[in-house]
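So the structure is just underneath, and the comments pick up after that.
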Amino acid sequence: MADIRIKFCGVDFDNPFILPSGIITEIPEHKRAIDNGVGGVTLKSLTFEKREGNPLPRVWKFDCGMINSVGLRNAGIEKGSDEIKTFLDENKGIPIIVSLFATKIKEFLLLVEKIVPLKPHFIELNLSCPNVDDEFGKSLGMEKGAAGEIVRAVKKISGKVPVLAKLSPNVNDITDIAKSCESEGANGIVAINTVGPGMIIDLTKKKPILGAKKGGVSGPAILPVAVRCVYEIYDAVKIPVIGMGGVTKWQDVVEMIMAGATLVGVGTATYLKGMKIYSQLKQELNEYLQKENIKNLKELVGVAHNLS
Ligand code: RRO
């Protein structure tokens, strides 16, 4: 057997597979991924106020993936932080990433203040939700100055909890934003959020299918965009990267790790193949490593850069 355990920002993961934020919305429900052998779990992004989310339908499958405009449906910080506390208490063996979203730095700080005492393994700053532009304008972190400012402010109060910045591919240069986050103290980068926004038209109803009309695109269609982003970020920064976006098969996992991801998010694929995908990918990754005579997964991280 090869060793697929891996360290990320000093935290031990049993395997490199992560449930990305937003695949499951209710906090207790995230346990389903743990029961199926995932290496770590990111909770649905939390906002200060409770949000009901966008009009239905919020999620739609298409031939090459999915489109969503969930609109940050979550319980808000008061109830959400209680639920997170319970979830952390009940799932001590597994790294948990608490994801936060805000439209102002001040609001990010209020969220971080409330979450840090709960001692999650990581805080993820969602700097990249594509689905609330009409309400709030572009996410704060779509621009390098603002992304860096948020990280700087958060790092002042985050204590020992490592801070990850989740970035959008829908920008001119994702490496500029990654570098700015790194220079302000981010401990890791999560790439990528969904692509787009996109739109699907319902031919029968003759109108956009999603309640919010447009939404973020995920699934196999976006894998090459995600791999390119991870590759460029790996070259641009020294902090580690969680790569995600369209990973469905073991070959995609290997590609993502070769591009530079230390951990790999598998999200939309759980809709397409069920939660059992984590145990399947673990086994297939192991078989690949054995076949290639790679004893330890970390030897594979970033190898696609060696010959270039
Ligand atoms: O809730 C959403 O609509 C959503 C979020 Br916060 C995000 O970060 N990415 C996405 O595709 N959808």
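Only a single item in (1) open to solvent by less than 10 Å² (accessible area, probe 1.4 Å); (2) touching a helix residue (DSSP H, G or I) at 6+ places or on another chain (Cβ under 7 Å); (3) part of a loop (DSSP other than H, G, I, E, B) is not met by ILE94, and it is number (1). In this structure, VAL154 does not qualify as within 19 Å of ALA236 (Cβ to Cβ) and not aromatic (Phe, Trp, Tyr). When each of LYS44, LYS31, LYS61 is tested for being within 24 Å of ASP134 (Cα to Cα), more than 13 Å from the ligand (Cβ to nearest atom) and touching a strand residue (DSSP E or B) at 6+ places or on another chain (Cβ under 9 Å), the lone residue that passes is LYS61. Would you check which residues across the range 185-202 are within 20 Å of the chain's Cα centre (by Cα), part of a loop (DSSP other than H, G, I, E, B) and of a type outside the set (S, T, N, Q) and list them? Scanning the range 185-202 gives GLY185, ALA186, ILE192.
Looking across ILE150, ILE96, one residue alone is in contact with a Phe, Trp or Tyr (Cβ under 9 Å, 6 or more places away or on another chain) and either within 24 Å of ASP14 (Cβ to Cβ) or among the charged types (D, E, K, R) (or both). It is ILE96. Say whether the condition of being farther than 18 Å from ARG5 by Cβ, at pLDDT 95 or above and either touching a helix residue (DSSP H, G or I) at 6+ places or on another chain (Cβ under 7 Å) or open to solvent by 80 Å² or more (accessible area, probe 1.4 Å) (or both) is met by at least one residue in the range 215-222. Scanning the range 215-222, I find at least one residue that is farther than 18 Å from ARG5 by Cβ, at pLDDT 95 or above and either touching a helix residue (DSSP H, G or I) at 6+ places or on another chain (Cβ under 7 Å) or open to solvent by 80 Å² or more (accessible area, probe 1.4 Å) (or both), so the answer is yes. Among the residues of the range 223-242 satisfying the criterion of being without any contact (Cβ under 8 Å) to a residue 60 or more places away in the chain and within 16 Å of the ligand (Cβ to nearest atom), which is least open to solvent (accessible area, probe 1.4 Å)? Once the filter is applied, the top-ranked residue is ALA226. Considering the conditions (1) modelled with pLDDT under 95; (2) surrounded by 20 or more Cβ atoms within 10 Å (Cβ to Cβ); (3) not β-branched (Val, Ile, Thr), GLY245 is excluded by exactly one of them, (1). Of all residues in the range 289-298, those satisfying the criterion of being within 15 Å of MET1 (Cβ to Cβ) and open to solvent by 100 Å² or more (accessible area, probe 1.4 Å) are LYS291, ASN293, LYS295. Which of the residues belonging to the range 109-124 are outside any loop (DSSP other than H, G, I, E, B) and away from the ligand (no atom under 14 Å from the Cβ)? The answer is LEU109, LEU110, VAL112, GLU113, LYS114, ILE115, VAL116, PRO117, LEU118, PHE122, ILE123. Consider GLY196 carefully, then state whether it is touching a Lys or Arg at 6+ places or on another chain (Cβ under 9 Å), modelled with pLDDT under 95 and more than 22 Å from PHE122 (Cα to Cα). Answer is yes for this residue.
Given the criteria within 12 Å of the ligand (Cβ to nearest atom), modelled with pLDDT of 95 or more and not small (Gly, Ala, Ser), does LEU88 qualify? Spelling it out, it is not the case that LEU88 is within 12 Å of the ligand (Cβ to nearest atom), modelled with pLDDT of 95 or more and not small (Gly, Ala, Ser). If only residues of the range 41-77 that are under 27 Å from VAL247 (Cβ atoms) and of a type in the set (D, E, K, R) are counted, the one that is surrounded by the fewest Cβ atoms within 10 Å (Cβ to Cβ) is ASP63.
For the range 5-22, does any single residue satisfy the condition of being open to solvent by 10 Å² or more (accessible area, probe 1.4 Å), within 13 Å of the chain's Cα centre (by Cα), within 16 Å of the ligand (Cβ to nearest atom) and at pLDDT below 95? Yes, some residue in the range 5-22 is open to solvent by 10 Å² or more (accessible area, probe 1.4 Å), within 13 Å of the chain's Cα centre (by Cα), within 16 Å of the ligand (Cβ to nearest atom) and at pLDDT below 95.
Summed over the range 125-145, residues that are open to solvent by 10 Å² or more (accessible area, probe 1.4 Å), part of a loop (DSSP other than H, G, I, E, B) and either modelled with pLDDT of 80 or more or closer than 19 Å to GLY211 by Cα (or both) total 5. Checking each residue in the range 256-276 for being without any contact (Cβ under 8 Å) to a residue 60 or more places away in the chain and more than 17 Å from the chain's Cα centre (by Cα) picks out MET258, LYS273, GLY274.
Only one entry in ALA165, ALA102, ALA153 is within 16 Å of the ligand (Cβ to nearest atom), open to solvent by less than 40 Å² (accessible area, probe 1.4 Å) and not in a strand (DSSP E or B), namely ALA102.
The values are calculated or read from the model by the stated rules, or taken from the named source; none is laboratory data. Computed from a predicted structure; not experimentally measured. Methodologically, a virtual Cβ is constructed for each residue, glycine included, from the backbone with ideal geometry; neighbour enumeration extends over all protein chains shown. These accessible areas exclude ligands, DNA and RNA; they are computed on the full protein's heavy atoms, side chains included. Shrake-Rupley method; radii C 1.70, N 1.55, O 1.52, S 1.80 Å.
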